[in-house]
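Only the coordinates and a few stated rules stand behind these numbers; no lab work does. Only a predicted model underlies this, so the values are computations on that prediction, with no experimental measurement involved. Methodologically, a virtual Cβ is constructed for each residue, glycine included, from the backbone with ideal geometry; neighbour enumeration extends over all protein chains shown.
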Amino acid sequence: MSSATFDPIIGREFIGRVRELARHSDSTTNYTRTYLTPAHQDASGRIAQWMREAGMAVRVDAVGSVLGRYEAAAPGAKTLLMGSHFDSVRNGGAFDGVLGILAPIACVAELHRRGERIAVSIEIAAFADEEGARFQTSFLASRALVHGSGAIGELLGRRDAEGIPLAEAMRAAGLDPSREFAGLDPATLAAYVEVHIEQGPMLLNEDRALGVVTSIAAGTRHLVKVRGEAGHAGTVPMPMRHDALAAAAEMVLAIESRCSAGGSLVGTVGILEVKDGTGNVIPGEVRFTADIRAADEETLRDASRDVFARCEAIAKRRGVAIEVAKTHAVRSAPCAGWLQDRIAASIERVIPGAPARRLSSGAGHDAMILAEVTDVGMMFVRCGAGGVSHNPAETVSEDDAALAIAALLDFLRHFDR
Ligand SMILES: [Zn+2]
């Protein structure tokens, strides 16, 4: 494969690997791979094997991320870190995260096959937990890599839906949760680059295979508890009820309405649970999540303030109590201008004829955490099937995968910082 063309066979092999990895699932009926489950450990082993076959030295870090290293042409060079995550949401899509691990592995395999080394050492991080679906621990693995054990200590007591504490799950997977370790030394890093499926319809609608990310949106997640009064569904008159679910339903619609103001602002209630829900009992307690995101901090702050003020007002009017706790917050992360330009130049060499499309990311990525210590760049790959992601229909074509690998390889060969 030369840097100016692409090879469809490489795309076919690549998609084969993505599909193979997706078979390591917690579920027999869909693709769900959550932190530290047996399927997750099997996927970790498979990724490590592919890294070794690509000529990389492989280690597993304290939280289970797999790191493969390919040394630079000359000693003492800085490290270009690339990567993404290999956990998934429940019933997710096979490309989310995995694309950003397997694409750089394919590039290193090609360099290795030709006996080529580049100006920097390449390290590929397959992050063990980004979605945080099992323990509600988004970005756990990149936080651990960047900031060390101190960044995850408070998460170790979290429990999964079966009540298993995170620390115990780590021990069961052969990891030591009490181990102290340092974060990355930013002085050793040249940059961090992540390839990711777009997870939206922009590139698809504009008939473009690849894009350059300009910035990643800020976001917060809150857990809202609504406490009303449980009662007999047959005996309590309607005007006397304090139905926690009816109140929560009104709050969900208030969130949707306020977050429909336009621009990059979006708001989602993804979990809603009725505690001890029973068909003939007025709901006494409901918990729901509220995920709000926007490209800039100010829009996010204003929307969050309004949303929870509306929820308070609804609670007051209905005579229910409300408790709001922030469980997750990420600042918006701009991608470095010089990396945007180089990624764009590589895309333009591989797909000549038009300037590369630049777009912001509404989804969070490990790159946000890396941006706290180094310059980050991201390349988006067109999302097929109408642009759906976090969905089993999520897909990338063989040709687009081959183009992404060709562009990334071109980027690596031109990387001399
Ligand atoms: Zn992802």
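Helix 8-22: angle to the longest alpha-carbon principal axis of the chain, degrees 0 to 90, nearest 10?
With both axes taken from Cα atoms, the answer is about 40 degrees.
Within 10 Å of each candidate Cβ there may be at most 12 other Cβ atoms; applying that plus a DSSP loop requirement, which GluC sites (Glu not before Pro) in the stretch 154-204 survive?
Loop-located and lightly packed - 162, 180.
Once you place label points 7 Å from the Cα toward the Cβ at residue 49 and residue 397, how far apart are they in nm?
Taking the simple label geometry, residue 49 and residue 397 are separated by 3.1 nm.
What residues qualify as long-range amide H neighbours of residue 189, i.e. H under 5 Å apart, gap of 5 or more or another chain, H built at 1.01 Å from N?
79
Please go through the stretch 97-153 and write out the trypsin sites (Lys or Arg not before Pro) that DSSP classes as loop and that have at most 11 other C-beta atoms within 10 Å.
The qualifying sites are 114.
List the equivalent ellipsoid semi-axes of the chain in whole Å, largest first, each obtained as the square root of 5λ for an eigenvalue λ of the Cα gyration tensor.
For the chain, the semi-axes come out at 41, 23, 19 Å.
Could you calculate the FRET efficiency of residue 91 with residue 296 from 1/(1 + (r/R0)^6), where r is the beta carbon distance between them and R0 is 25 Å, rounded to 0.05?
Rounded to the nearest 0.05, the efficiency is 0.20.
Which FRET efficiency, nearest 0.05, do residue 354 and residue 253 yield, Cβ-Cβ r, R0 45 Å?
FRET efficiency, residue 354 to residue 253: 0.60.
Can you tell me the 0 to 90 degree angle between the C-alpha axis of helix 297-318 and the longest principal axis of the chain, rounded to 10?
20
How far is helix 99-113 tilted, in degrees, relative to the longest principal axis of the Cα atoms in the chain, given as a value from 0 to 90 rounded to the nearest 10?
It works out to around 10 degrees.
Once label points are set 7 Å from the Cα along Cα→Cβ at both residue 338 and residue 272, what is their separation, rounded to one decimal in nm?
4.9
Return the sequence-ordered ³J(HN,Hα) values of the stretch 83-94 in whole Hz as given by the Karplus equation 6.51 cos²θ - 1.76 cosθ + 1.60 applied to θ = phi - 60°, using x for Gly and Pro.
x, 5, 10, 10, 8, 9, 7, 6, 6, x, x, 5
Can you tell me, using C-alpha contacts under 8 Å and at least 6 residues apart, the relative contact order of the chain as a whole percent?
Over the chain, the number comes to 23 percent.
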